[in-house]
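**Q** Quick one: the structure is below, and I'll ask about it shortly.
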Amino acid sequence: MKKNIIGDGLCAAGALLGCNVKKDDYQIFLSNTTGADFEKVSTNWRLSPIISSKAFGGLSKSYHGIMPASVILDINNSPIWRALGYEKLRKLYIADYMSESKIFIPYFPIRPGQIIKKFSNPSKISRRENLDLKALINDKNSKTFLALSVIGNLRVLQSLNLINKKVTVDDHVIIRMGSIGGEELFEYLNGEELVKRFSKGIAIESLEISTGCTIFFRPNFGEYNFDIDYTASVNGLGKLFMKFDSPAKIREAFFNKTGYPTRHNSYNIFAQIHMPDIYSMEGGIVTESVDSQAKFYEIKLKVLNLITRKFNTFKVYKNDSPESILPGIHLSYDREVISGIPRNLEILDTSLCNDNSKHPSIIAMCKSFHKTILL
Ligand SMILES: Cc1cc2nc3c(=O)[nH]c(=O)nc-3n(C[C@H](O)[C@H](O)[C@H](O)COP(=O)(O)OP(=O)(O)OC[C@H]3O[C@@H](n4cnc5c(N)ncnc54)[C@H](O)[C@@H]3O)c2cc1C
C-alpha cells in the first residue's frame, strides 16, 4: 500500500526512515515556504510562546536537539540510530554509561532536512501547495501520515471536521527555581561528573522530581534574564553570542554546547513543568487558557517544596519576571481526541510521546518510524 507523508519536520523524517527500512512505496509532501515563520500565542504573564512554524522543517529546524538518553538506549530504536550514524554511540552508552535519567544534547541536532535529503528519492518528493488532503484520505489504496506538528495536525483535522471543534493542548513551562552549592550537587551525584562527553554530544544528569516535572542543573554564572530570541542558536554559535548581552549568558550557552566547565561552585536548578491544557484550539485559533498563570504558580510551589526538602543549600530565586519564564514548546494532547479519524489516516506529532516529563521530539520521531513500519 502506498504511503503518503505530509510534512517535513522530525516526525515526517521518522516516517520517511520507516518507509526506507521497509522499502515501501511512498510520496513525501513538503512545505513550499522556507525561513522561520513562527506562530506565537499571546499571553500577559510571560513572553509569547512559539507554538508552530509552517515553513520547511517546521519547529524541527530550530529545536535544540535535547533528548532523553533513554531514547538512545532503547534497543527497539536501533535501526534508526544505525541509519543516522549513532549506533556506535548507543553501544558505548550501554557499555559504559547506562542511565535512564540523563538527557543527551548532540553537538549538531538531528535535522529533518538532512534526513529528507539523504533518504528520499527526488521523484518521491512533492510540494504541499495544492495538495487535496480530502482526496488522499478518501483513497482507500493508500495510507496517509499527517505530520504537520501538534498545532498543524489539529488545525487540519478541525477544518475537515474529523475531531471536535474545541481541543486542548499541553506544554512544558521552564523556569529557573534557585541555586544549590556545587559540593552538594556532586554529593548527590555520588562523586560522578554532572556532564559526560561523547563523540556526538554531551549527556547531563536530570531528575524527575514529581510526575511531569524534571529538574536539571546548570552552572550559576550570575544573574540574567532569558530575554533573548533563543531560536538564534540554530544560526550557529557566532550569531548566538552576538545576541547575548551578558557574560553569564555566553558562559551558559557555551556550557550547554560543550559541558565546560566540568565543576563549578554553584549551580542553578531549572524546572521543566508539564502544564496540562495550557492552550485551547477552537476553529483553528489557539489561545492560552485564562487560569494558566494561577495553575503554573500552584504547581511551581509544590515543586519548590520538593526541591527545598531535597537540597540543604537550595536558595530560591524570588523574582519571576516574564523574561525568566521559558516555553518548552513540547506540545501534546490526549490522543483520544483523534480516536474517531479514518483508519487510513495516521497522526504523527509529539503527542506520540506519552511521558510528560521528557523532551518529546526525538521520542516522537522514533515512534513515527515505528508507526510506519508496523503497517
Ligand atoms: C527554539 C526551540 C527549541 C526546541 N528545543 C527542543 C529540544 O531541545 N528538545 C525537544 O524535544 N524539543 C524541542 N523543541 C520542540 C521541537 O522543535 C518540536 O517538538 C518538534 O520539532 C516537532 O516536530 P514535528 O515533526 O511534530 O513538527 P514540526 O517540526 O513543526 O514540522 C511540522 C511540519 O508541518 C508544517 N506545518 C506546521 N504547521 C502547519 C500548519 N498550520 N499548516 C500547514 N503546515 C504546517 C511545517 O511546515 C512542517 O512541515 C524546540 C522548539 C523550539 C522552537
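**Q** Find the relative contact order for the chain and round it to a whole percent, using C-alpha pairs within less than 8 Å whose residues are 6+ positions apart.
**A** 28
**Q** So what's the angle, to the nearest 10 degrees on a 0 to 90 scale, between helix 149-159 and the longest Cα principal axis of the chain?
**A** 40
**Q** If you don't mind, there's one more thing I want to ask. What are the principal axis extents of the Cα atoms in the range 170-327, in Å, biggest first?
**A** 50, 40, 30
**Q** Do you know the relative contact order of the range 170-327, to the nearest whole percent, from alpha carbon pairs under 8 angstrom that are 6+ apart?
**A** 43
**Q** Ranked by accessible surface with a 1.4 Å probe, highest first, in what order do 165, 134 come?
**A** 165, 134
**Q** Write down the percent of antiparallel bridges among all DSSP beta bridges whose residues are both part of the chain, to the nearest 5.
**A** In the chain, approximately 75 percent of DSSP beta bridges are antiparallel ones.
**Q** Between residue 187 and residue 207, what is the label-point separation in nm under the 7 Å Cα-to-beta-carbon projection?
**A** 1.2
**Q** Within the accessible area of the chain, what % is carbon and sulfur when the probe is 1.4 Å and the other protein chains stay in place?
**A** Numbers: 8890 of 16930 Å².
Summing carbon and sulfur atoms, their accessible area is 53 percent of the total for the chain.
**Q** While we're here: Note down the magnitude of the dipole of the chain about its Cα centre, charges +1 on Lys and Arg C-beta and -1 on Asp and Glu C-beta and zero elsewhere, to the nearest 20 debye.
**A** Result for the chain is approximately 1160 debye, rounded to the nearest 20.
**Q** Report the convex hull volume per residue for the chain, counting only C-alpha atoms, in Å³. It would help to have the intermediate numbers written out before the result.
**A** Details: hull volume 49.4 nm³, N = 375.
Cα convex hull per residue, to the nearest whole number: 132 Å³.
**Q** Then there's this: Check which residues have an amide H placed less than 5 Å from residue 2's amide H, if you skip close sequence neighbours.
**A** The list, which skips near neighbours in sequence, is 143.
**Q** I'd like the projected area of the range 99-229, averaged over all directions, using the convex hull of its alpha carbons. Report it in nm² with one decimal. Mind dumping the intermediate values first?
**A** Details: hull surface 55.0 nm².
If you wrap the Cα atoms of the range 99-229 in a convex hull and average its projections, you get 13.8 nm².
**Q** What list of ³J(HN,Hα) couplings, whole Hz, do you get for the range 112-128 from phi and the Karplus terms 6.51, -1.76, 1.60, once you set θ to phi - 60° and write x for glycine and proline?
**A** These are the phi-based 3J(HN,Hα) values: x, x, 5, 5, 5, 4, 6, 10, 10, 8, x, 6, 9, 9, 10, 9, 7 Hz.
**Q** What is the mean projected area of the alpha carbon convex hull for the range 251-375, to one decimal in square nanometres? Could you put the intermediate results ahead of the total?
**A** On the way: hull surface 46.2 nm².
If you wrap the Cα atoms of the range 251-375 in a convex hull and average its projections, you get 11.6 nm².
**Q** Also: Round to a whole angstrom and tell me the spacing of the C-alpha centers of the range 168-194 and the range 254-317.
**A** That distance is 10 Å.
**Q** Sticking with this structure for a sec: Would you mind checking the pairs 140/367; 22/371; 124/371; 166/371; 61/358 and listing those with alpha carbons more than 18 angstrom apart?
**A** Distance filter (> 18 Å) returns 140/367; 124/371; 166/371; 61/358.
**Q** Based on DSSP H runs of at least 4 residues, each adding -39500 (n - 2.57), what is the mean residue ellipticity at 222 nm of the chain after dividing by all its residues, to the nearest 500 deg cm²/dmol? Mind dumping the intermediate values first?
**A** Working: 12 runs with 118 residues, N = 375.
Rounded to the nearest 500, the figure is -9000 deg cm²/dmol.
The values are calculated or read from the model by the stated rules, or taken from the named source; none is laboratory data. Remember, it's a predicted structure, so these values are computed and weren't measured experimentally. Because the Cβ atoms are built from the backbone with ideal geometry, glycine has one as well, and the counts that use them run over all protein chains shown. SASA here: full protein model, heavy atoms, side chains in, ligands and nucleic acids out. Shrake-Rupley method; radii C 1.70, N 1.55, O 1.52, S 1.80 Å.
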